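A.B. asks: This is the structure I have questions about; it appears just below.
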Ligand SMILES: NC(=O)c1ccc[n+]([C@@H]2O[C@H](COP(=O)([O-])OP(=O)(O)OC[C@H]3O[C@@H](n4cnc5c(N)ncnc54)[C@H](OP(=O)(O)O)[C@@H]3O)[C@@H](O)[C@H]2O)c1
């Protein structure tokens, strides 16, 4: 399968690193500037389209219209379009490229690079063989789930932005640990061990125990964890944190609303 990346930024690089070891895959990209990479650079979008079986839209939402305008002028016969672009529906892309194009909308995260993304997937051609192949491929880059488009805003907040929120939590731990006066890199190493250990504990036990039970196993009556958890509950930290997820979801909804109003000449 030949993969053509439009844009070679954070996301498409993650896709590339996740797939580079896979047999039978070749890669090319088109961007405004040439990057430091061994994969083929196409100076013209037309060359990228001719090369690729699967075209990944790795540009920011605000750059999508310009790229779709350019793609409209290319021969897209037999090509699949994969869009991770936040807040842009399949219908939006169809407005430019036509309804007979195979379009796969996904919401992944950067852990695709390590084959640990959680990715939502939907398509306008569920029966299409290439669409099924792409779904299988996404499954190799982590866990992939088929999801109605109406679920993409919440999914984006939890799994697309999620890594940033989890890191923001880790950053709070790090700031607290400044009291130890340890060098920054060592702090990071300790926090990494903490998060990896926690993830492993979760992974080893999640089939047999609920998250509540796993928390309970760390908590002794009247102890330090209990004191912290009581503060957590009494101050509704969970509720506040839910606000973070809601803010991200609302923003995604807003982008979908604004993003899916079509420019006059594309109505
Ligand atoms: N990053 C994430 O964690 C994540 C997660 C889920 C979904 N997404 C979605 O993935 C998409 C890409 O995000 P990103 O973080 O990878 O963005 P990014 O790092 O900013 O990369 C954007 C790329 O688009 C290229 N580009 C912009 N305008 C172009 C044009 N007119 N012609 C050709 N190339 C152009 C840029 O090329 P130059 O460098 O040459 O300017 C750059 O390589 C977004 O729509 C986002 O919603 C991202």
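A.B. asks: Residues to consider are 180, 135, 169, 173; find the one that is assigned by TED's automatic domain parsing to the domain that holds residue 83 and over 13 Å from residue 117 (Cβ atoms). Walk me through how you get there before you give the answer.
C.D. replies: Numbers: 180 fails: assigned by TED's automatic domain parsing to the domain that holds residue 83; 169 fails: assigned by TED's automatic domain parsing to the domain that holds residue 83; 173 fails: assigned by TED's automatic domain parsing to the domain that holds residue 83.
One residue alone meets the criteria, 135.
A.B. asks: In segment 3-38, how many are crowded, with 16+ Cβ neighbours inside 10 Å and either over 17 Å from residue 67 (Cβ atoms) or more than 9 Å from the ligand (Cβ to nearest atom) (or both)? So that I can check it myself, show each step before the final result.
C.D. replies: Our first condition is that a residue be crowded, with 16+ Cβ neighbours inside 10 Å; within segment 3-38, this holds for 3-8, 11-16, 18-19, 27-31.
Among the residues that remain, those that are also either over 17 Å from residue 67 (Cβ atoms) or more than 9 Å from the ligand (Cβ to nearest atom) (or both) are: 3-4, 13-16, 18-19, 27-28.
Number satisfying all stated conditions: 10.
A.B. asks: For segment 93-103, how many residues are within 16 Å of the ligand (Cβ to nearest atom) and either in a strand (DSSP E or B) or touching a residue at least 40 places away in the same chain (Cβ under 8 Å) (or both)?
C.D. replies: Here the count works out to 2.
A.B. asks: Further, regarding this structure: Does residue 137 qualify as being within 16 Å of the ligand (Cβ to nearest atom) and at pLDDT 95 or above?
C.D. replies: On the way: within 16 Å of the ligand (Cβ to nearest atom): no; at pLDDT 95 or above: yes.
Against the criterion (within 16 Å of the ligand (Cβ to nearest atom) and at pLDDT 95 or above), residue 137 does not qualify.
A.B. asks: Here is a follow-up. Does any residue of segment 159-169 turn out to be crowded, with 19+ Cβ neighbours inside 10 Å, in contact (Cβ under 8 Å) with a residue 60 or more places away in the chain and within 30 Å of residue 191 (Cβ to Cβ)? Walk me through how you get there before you give the answer.
C.D. replies: As a first pass, look at segment 159-169 and keep what is crowded, with 19+ Cβ neighbours inside 10 Å: 159-161.
Filter once more, keeping what is in contact (Cβ under 8 Å) with a residue 60 or more places away in the chain: 160-161.
Adding the requirement that they be within 30 Å of residue 191 (Cβ to Cβ) leaves 160-161.
The answer is yes; a qualifying residue exists.
A.B. asks: Something else: Could you grab me the full set of residues in segment 41-70 that are out of contact with any helix residue (DSSP H, G or I) (no Cβ under 6 Å at 6 or more places or on another chain), more than 10 Å from the ligand (Cβ to nearest atom), closer than 26 Å to residue 132 by Cα and without any contact (Cβ under 8 Å) to a residue 60 or more places away in the chain?
C.D. replies: The answer is 46, 47, 49, 50, 51, 52, 55.
Matching residues to (1) in contact with a strand residue (DSSP E or B) (Cβ under 9 Å, 6 or more places away or on another chain); (2) part of a helix (DSSP H, G or I); (3) at pLDDT below 95:
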position: 11; (1), (2), (3): yes, yes, no
position: 21; (1), (2), (3): no, no, yes
position: 48; (1), (2), (3): yes, yes, no
position: 59; (1), (2), (3): yes, no, no
position: 86; (1), (2), (3): yes, no, yes
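A.B. asks: Further, regarding this structure: Anything in segment 24-40 that is modelled with pLDDT under 95 and in contact with a helix residue (DSSP H, G or I) (Cβ under 7 Å, 6 or more places away or on another chain)? List them, or say none.
C.D. replies: Matches in segment 24-40: none.
A.B. asks: If I ask for residues that are touching a residue at least 40 places away in the same chain (Cβ under 8 Å) and more than 24 Å from residue 165 (Cβ to Cβ), which ones from segment 104-127 would you list?
C.D. replies: Here is the first cut: in segment 104-127, the residues touching a residue at least 40 places away in the same chain (Cβ under 8 Å) are 105, 107-115, 117-119.
Hits for segment 104-127: nothing passes.
A.B. asks: I would also like to ask the following. Pick out the one residue from 200, 192, 229 that is over 30 Å from residue 73 (Cα atoms) and in contact with a helix residue (DSSP H, G or I) (Cβ under 8 Å, 6 or more places away or on another chain). Steps first, answer last, please.
C.D. replies: On the way: 200 fails: in contact with a helix residue (DSSP H, G or I) (Cβ under 8 Å, 6 or more places away or on another chain); 192 fails: in contact with a helix residue (DSSP H, G or I) (Cβ under 8 Å, 6 or more places away or on another chain).
Result of the check over 200, 192, 229: 229.
A.B. asks: Follow-up question, since we're still on this one. Residue by residue through segment 63-98, note down the ones that are under 19 Å from the mean Cα position of the chain (by Cα) and farther than 24 Å from residue 147 by Cα.
C.D. replies: Listed by number, the list holds a single entry, 63.
The values are calculated or read from the model by the stated rules, or taken from the named source; none is laboratory data. Worth saying up front: this structure is predicted, and the values here are computed from it rather than measured. With ideal geometry, Cβ positions are generated from the backbone for all residues, glycine too; neighbour counts draw on all protein chains shown.
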